[in-house]
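Below is one structure, written out as structure tokens; comments come after it.
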Amino acid sequence: MPYLFDHLDSVRELLACSPLGLITDVDGTISDIAPSPGEARVSQVCRESLAALTEQLELVAAISGRPAEQAREMIAVEGMVYIGNHGLEQWTDGAVDFVEGAEEYRNTVSQALGELKSLLSLEGIAFEDKGVVLSIHYRQCPDRELARRHILEKVSASAVANEFRVTEGRMVVELRPPLEVNKGTAVDMLVERYCLKGIIYLGDDITDVDAFVALHSRQKSPSFEGLALGVIDEETSSLVEKEADFILYGVRDVERFLKWIAVTVPRLRR
């Protein structure tokens, strides 16, 4: 897969497009992966560049697996759009709006959490109640593959858990409402809402592949341009690299890229 910094001319062409949106994942993209979600911090370089880009582009957004308000607090850039739980919710004007049907699963998430806590006792397993989504992390387990199989086995045997769509990410198993919502549908919503003619999307996880696919589907229209940028390291799923147009190597490359965009856009749009 081609390295983005060897193909910046392709990006320059897209940056001249308007209205243009830049959409980024959070963990593993603008924030280094941490032992636990609470320890993760957004790169200050990325934060400063994103803040500059809110003054230059028609849309700057984050689509995260975290709750929308948590993503907003973590990034802390005014003028950005924050979408959380893989598209299930959006932070807007001081309040969180959910897609239809999502909030009905709050009680079921609590029930699943209570049941699975009693079933999953391996050292290092951590539960994260994200309101309408339940995440079960195993990054800190001594044997990660054993923990993954154990979690999936217990989830499969749980009647409550089976009311959800079970998905996987980086060292995490998630229970999500069985709605046709993902990062790809979130991208589609933003394109329609902001009448975008182009998008740059950055992501590092299997959940970002849905966004890559949605972006590429829109590129079938001659009036839309886009770039799917995969941020990769030794943990990255091969699907991310397969579906990306170009790759970046980790958060440091993302810092460098966002700084470059923030300098380049004003020159192109004089």
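The values are calculated or read from the model by the stated rules, or taken from the named source; none is laboratory data. Since this is a predicted model, take the numbers as computed values, not measurements. Here Cβ is always computed from backbone atoms with ideal geometry, including for glycine, and neighbour counts include all displayed protein chains.
Odds and ends about this structure:
- Hits in segment 230-251 (condition: crowded, with 24+ Cβ neighbours inside 10 Å and either free of Cβ contacts under 8 Å to residues at least 24 places away in the same chain or closer than 14 Å to ILE63 by Cα (or both)): none
- PRO142 meets all of the listed conditions (1) of a type outside the set (Ser, Thr, Tyr); (2) in a helix (DSSP H, G or I); (3) in contact with an Asp or Glu (Cβ under 7 Å, 6 or more places away or on another chain) but one, namely (2).
- If you filter segment 105-125 down to residues that are free of Cβ contacts under 8 Å to residues at least 24 places away in the same chain and touching a Cys at 6+ places or on another chain (Cβ under 9 Å), you find that the one that is surrounded by the most Cβ atoms within 10 Å (Cβ to Cβ) is GLY124.
- Leading residue by the ranking (surrounded by the fewest Cβ atoms within 10 Å (Cβ to Cβ)) among those in segment 144-202 that are touching a residue at least 40 places away in the same chain (Cβ under 8 Å) and of a type in the set (D, E, K, R): GLU163
- Where helices (runs of 4 or more DSSP H) sit wholly within segment 22-124, those with at least 3 residues that are in contact with a Leu (Cβ under 7 Å, 6 or more places away or on another chain), more than 21 Å from ALA228 (Cβ to Cβ) and not assigned by TED's automatic domain parsing to the domain that holds LEU248 occupy 106-119.
- Inter-residue pairs, beta-carbon under 8 Å, first closer than 12 Å to VAL81 by Cα and in segment 91-104, second in a helix (DSSP H, G or I) and aliphatic (A, V, I, L, M), 6+ apart: TRP91/ALA68; TRP91/ALA71; VAL96/ALA68
- Just one of (1) in contact (Cβ under 8 Å) with a residue 24 or more places away in the chain; (2) in contact with a strand residue (DSSP E or B) (Cβ under 6 Å, 6 or more places away or on another chain) fails for ARG72. It is (1).
- Conditions (1) under 19 Å from the mean Cα position of the chain (by Cα); (2) of a type in the set (Asp, Glu); (3) at positive phi: number failed by GLU69: (3)
- Scope segment 185-225; condition under 21 Å from LEU258 (Cβ atoms) and either acidic (Asp, Glu) or not assigned by TED's automatic domain parsing to the domain that holds GLY65 (or both); matching residues: ASP204, ASP205, ASP208, GLU225
- Of the residues GLY21, GLY28, GLY65, the single one that is in contact with a strand residue (DSSP E or B) (Cβ under 6 Å, 6 or more places away or on another chain) and either charged (D, E, K, R) or modelled with pLDDT of 95 or more (or both) is GLY21.
- Test set (1) under 20 Å from PRO37 (Cβ atoms); (2) within 17 Å of the chain's Cα centre (by Cα); (3) of a type in the set (A, V, I, L, M) - LEU122 fails condition number: (2)
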